[in-house]
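Here the structure is laid out as structure tokens; the discussion comes afterwards.
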Amino acid sequence: MPAAGPQTLLSPAPTSPATPAAATSPQPPHTIALPARPGLRGRCDAVVVALAVHLTRWSVPALRVSLGLVFLGFGVLKFFPGASPAEQIVTQTVGALTFGVVEGTAAVVLTAVVETVIGLTLLTGRWLKVGLVVLSVALVGMMSPVVLFPDELFGDGMTLLGQYILKDVVFVAAAAVVAAVTLGARLTCDTR
């Protein structure tokens, strides 16, 4: 049986320079104090805290990589004519957004290049800020059919194409989290 008293687990959350760890708590930096609870409840608390610490460390990188895989997959698919179910809406949207300057196959290839670059930057973490800027522009383009072609998306209720476009709201939220962390925000673990 472990001795009674507070237990500690490592936390990736850094202490603030304005309030050093020694001034706020007798615990060493990067630790979380756990009340000692006997038996199963204490072990469950320790597992929950360990899981919270693990998720704090790995959830945003996992989100970045999975978002990168999705964009890379969608982008590569568009390089093969007829392989992407989004070719028609891509052609229409890029044509409308460029006032007819980029249409047809060129619109699909341009979208394929943009999505592949976004996917690679998210996946590798290299040139990430540039990739996030390109992603923000691409997300505006991805959501624009809601405004440009509402009849095709919501004709007699929600169409399959409408569902395809609206799922991009999840991409917007995921991109916002990845961008926030890339620009300096930190996810911290508070297990009170």
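The values are calculated or read from the model by the stated rules, or taken from the named source; none is laboratory data. Please read all numbers here as calculations on a predicted model, not as lab measurements. Ideal geometry is used to build each Cβ from the backbone, glycine not excepted, and the neighbour counts take in all protein chains shown. Side chains included, ligands, DNA and RNA excluded: accessible areas come from the protein's heavy atoms. Shrake-Rupley method; radii C 1.70, N 1.55, O 1.52, S 1.80 Å.
Miscellaneous remarks
- Overall form of segment 101-192 per C-alpha gyration tensor (a/c, 1.5; a/b vs b/c): oblate
- Rounded to whole Å, sorted largest first: equivalent-ellipsoid semi-axes of segment 62-142, Cα gyration tensor: 22, 14, 9
- Cα→Cβ-extended label distance, 7 Å offset, between L51 and V133, nm: 4.1
- Restricting the calculation to alpha carbons of segment 24-181 gives Rg and Dmax of 21.4, 70 angstrom.
- The label-point distance for S66 and Q92, in a model that sets each label 7 Å from Cα toward Cβ, rounds to 3.0 nm.
- Ranked from largest to smallest solvent-accessible area, with a 1.4 Å probe on the protein heavy atoms, M143, M158 come out as M158, M143.
- Length available on full extension from F80 to S59: 0.36 nm per residue minus the Cα-Cα distance, which gives 4.3 nm.
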